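To start, the structure under review is shown below, and the notes come after it.
Taken together, the values in this text are just the output of simple stated rules run on the coordinates, not laboratory data. Since this is a predicted model, take the numbers as computed values, not measurements. Cβ coordinates were reconstructed from backbone atoms using ideal geometry, including for glycine residues, and neighbour counts include every protein chain displayed.
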Amino acid sequence: MRRLLLLGFLAFLLVWASYPLMARIQEGVASGAQDQETVQVENWDPQEVYRRAQLLVDKGGLRQGLDLFLRLREQSPRYRPLAVQRHICQLYERIGDISKALEEYEGFIRRFPWARDRVQMLMRMAAMAEVALHDLGRAWRYLEMIPEDKVPPGDMAPYLFNKGYLLEKMGKKDEAVEYYRRLVEEYPRTVGGFWAKERLKELTQNEVSGGQERDTGR
């Protein structure tokens, strides 16, 4: 039972910064068949196109809204570029095209390195890479792009746990232990601190068991 709870918590930590990932994917699948038709725009007014795209998304026309935002970025690149790019990233995620979503998120990070939610966005990207694409290396690369001194205090425990968890999954258990120990020492009363302690128990127990087997010649 404890192991099942742990696995559930690990999944939670990896998507902690985002709208539940699988719900976004299902939302996109459900809406995809309804909005394939391209929206026609007669008189191009960036403000009106932006408003219309938002309205389409609010009504469930995710792909049509995405199409308008993409056209807005191409035809009026100076109109609210940060907001438009953010919509494009989120809509690719919501329709379930995670590879394209990550490509757009990477573009966002490069183009707007000063964005106030950059840390949370990279956390979201790591979650998508691990949960949806099962790409541990890519998830780790996103976490490594976050300067530790820029992580908000309230996000530090999940940040440390996620790094330890990814290292453990990549087979780098000694490095994972360092992050888990740090989490236990610095944030002992957090949920992440509790589960880091559990991971340390299991990892150190495995080391002891392995050593005993070698000593007995098994």
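Computed over neighbours whose Cβ is under 12 Å from that of Gly107, the net charge equals +2, Lys and Arg +1, Asp and Glu -1. Packing order of peptides 120-131, 44-55, 162-173, highest average first: 120-131, 162-173, 44-55 (average count of other Cβ atoms within 10 Å over each peptide's residues). By the rule of a C-alpha distance below 30 Å, with chain neighbours fewer than 8 residues away ignored, the lysines paired with Lys59 are Lys100.
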